[in-house]
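These notes are about the structure you will find just below.
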Amino acid sequence: MTDTASELPVQDAVPAFDRDRLLVWMAENGVKQTTHDHPAVFRVEEGLDLKADLPGLHTKNLFLKDKKGRLWLISAAQDTVIDLKRAHRTLGSDRLSFGNETLMWETLGVRPGSVTALGLINDVDRRVTFVLDQRLWDADIVNFHPLTNTATTALDQADFRRLLSQLDREPLVVDFDALD
């Protein structure tokens, strides 16, 4: 919906950052990365063969909404089990469900299949609470889509934390393996 005829509908609005602008921003802000292009990957299972040749811990990313309308992004190691029926208590939220594509585009500037912690660069209104798997916080190298599922961007831990610091984002670090 738009307020005036001259405005673009939300789903057609262009986010501030796409892949190219993200990579330029990283270079300008001293965040070293290596990006590998590959065919589109929509699910963790589809990219296992591609990821086997890339060093570091690979991720799965869940864009969620709770009953009160709060938005959450969980970034976890690709093989971490995330039980949404239990996770909400640890996060201090109401019951969680997947956020819709419109909210995803409005806040992170990505489409389904491309959800990534790097999308936080587009969340200028800070609507999304970032939750990070303890395993990613401890990993030497982490891999995320650079706002598109046709590439993977590897960051060492120091550069990942530099990126989060530049975005002024402090993740809620959760050990999903230890949830009761």
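Quick notes
- Amide H to amide H, with H built 1.01 Å from N, VAL110 comes under 5 Å of TRP105, counting only residues 5 or more places away or on other chains.
- The solvent-accessible area of THR150, taken with every protein chain present and a 1.4 Å probe, is close to 50 Å².
- Full extension of the chain segment joining LYS67 with ASP83 gains 4.1 nm, where the gain is 0.36 nm per residue of separation less the Cα-Cα distance.
- Amide H contacts of LEU172 (H built 1.01 Å from N, under 5 Å, at least 5 apart or other chain): PHE130, VAL131, LEU132
- Ranked by the mean number of other Cβ atoms within 10 Å of their residues, highest first, the peptides 100-110, 114-124 come out as 114-124, 100-110.
- Summarised as an ellipsoid, the chain has semi-axes of 23, 22, 16 Å, derived from the eigenvalues of the Cα gyration tensor scaled by 5 and square-rooted, with the largest first.
- Ordering LEU132, PRO15, GLY109 by the projection of their Cα atoms onto the charge dipole of the chain, which places +1 on the Cβ of Lys and Arg and -1 on the Cβ of Asp and Glu, puts LEU132 at the extreme positive end.
- For ARG95, residues with placed amide H under 5 Å, excluding near neighbours: LYS67
- Cβ crowding within 10 Å averaged over residues, with 127-135, 169-177, 153-161 ranked highest first: 127-135, 153-161, 169-177
The values are calculated or read from the model by the stated rules, or taken from the named source; none is laboratory data. All values reported here derive from a predicted model rather than from experimental measurement. Heads up, the Cβs are rebuilt from the backbone with ideal geometry, glycines too, and the neighbour counts pull from every protein chain shown. Side chains are part of the model used for accessible areas, which takes the heavy atoms of the whole protein and leaves out ligands, DNA and RNA. Shrake-Rupley method; radii C 1.70, N 1.55, O 1.52, S 1.80 Å.
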